[in-house]
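What follows is a set of notes on a single structure, which appears directly below.
The values are calculated or read from the model by the stated rules, or taken from the named source; none is laboratory data. Keep in mind that this is a model prediction, so the values were computed, not measured. Glycine gets a Cβ as well: all are built from the backbone with ideal geometry, and neighbour counts include every protein chain shown.
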Amino acid sequence: MRKLGADIRNARRRRRLTQAIVAERARIDPATLGRVERGLPSVSLGIYATVLFVLGMIERLGDLADADADSVGRLLEEEHLPERVRMPRPVDDPR
């Protein structure tokens, strides 16, 4: 969360926007934006998303838990793959 807050702060500064302007555009209190930029976990994810939207970075939020980047999940999934795959029996097969 601290890294996310620092990244948001740096993005705001690179865009030469004041905290007051970003807070106004995000419809939040400037003190809340300060908590976002410090990366405090007590701030809701919705507020982080709103600030990212204001900064034009909302598409990156979808990458946080991207299944394609989940190397641990893929390894766990591969452990449970079947050894053999069998074709299902036809429904009218009397066996």
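Please go through the range 1-16 and give me each residue that is without any contact (Cβ under 8 Å) to a residue 24 or more places away in the chain and not acidic (D, E), ordered by number. N10, R13, R14, R16, listed by residue number. The residue that is nearest to R2 (Cα to Cα), among those in the range 14-65 that are crowded, with 16+ Cβ neighbours inside 10 Å and of a type in the set (S, T, N, Q), is T32.
Scanning the range 47-95 for residues that are of a type in the set (A, V, I, L, M, F, W, C) and farther than 30 Å from R16 by Cβ gives A65, A67, A69, V72, L75, L76, L81, V85, M87, V91.
Given the criteria modelled with pLDDT of 80 or more and charged (D, E, K, R), does R95 qualify? Criteria not met by R95.
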